[in-house]
Structures are given as structure tokens and as C-alpha cells.
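The values are calculated or read from the model by the stated rules, or taken from the named source; none is laboratory data. Quick caveat: nothing in here was measured; it's all calculated off a predicted structure. Every residue, glycine as well, gets a Cβ built from its backbone with ideal geometry; the counts of neighbours run over all protein chains shown. With ligands, DNA and RNA removed, areas are computed over all heavy atoms of the protein, side chains included. Shrake-Rupley method; radii C 1.70, N 1.55, O 1.52, S 1.80 Å.
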Amino acid sequence: MKSIEFGKLCQPINLKYRELFGYVPCPADYLCNQEEYLEALKKSVKERKELKEYIKQREHSMEDLNKRY
């Protein structure tokens, strides 16, 4: 799936997610592909549980947070 298509599919679900939890999750913070992320996001909104209940979050080390690109 292309990034633009993925973004368009996520946008309405992200709005609902933000209403429920006060923030929009970032796909890069989770260990899954776009399809798995989208399905988990839909399920999360439907069942009113945070996304981390359905897919594993990436562990960020302090080195990652200090990287400069």
C-alpha cells in the first residue's frame, strides 16, 4: 500500500482515536506493517481500547532519541 493511500485510510480513524484518547498514534512507534497497523487501529476505535493493546510498541533507546538526521 502506498503512503498516500495509507494516510487517507487512517485519517478518519485517527480523528476518532484522538477523540477517545487525546492523541493520534504514530505508525512508526509500532512493530507491524501498514495493513496490521490499520486493522489494529480500526479495532482499537471500535472496542475503545488503546492501540498498544493490539500491537506491540517499539522500544526506543536513549540513543534513538538523541539521533540527528
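Looking across the range 1-29, the residues that are open to solvent by 40 Å² or more (accessible area, probe 1.4 Å), under 16 Å from Ile55 (Cα atoms) and of a type outside the set (D, E, K, R) come down to Val24, Cys26, Pro27, Ala28.
Scanning the range 12-36 for residues that are under 11 Å from the mean Cα position of the chain (by Cα) and free of Cβ contacts under 8 Å to residues at least 24 places away in the same chain returns Tyr23, Val24, Cys26, Pro27, Asn33, Glu36. Scanning the range 30-49 for residues that are open to solvent by 60 Å² or more (accessible area, probe 1.4 Å) and of a type outside the set (Lys, Arg) returns Leu31, Asn33, Glu35, Glu36, Glu39, Glu47. Where helices (runs of 4 or more DSSP H) fall wholly inside the chain, the ranges with 3 or more residues that are modelled with pLDDT of 95 or more are 3-21, 34-47.
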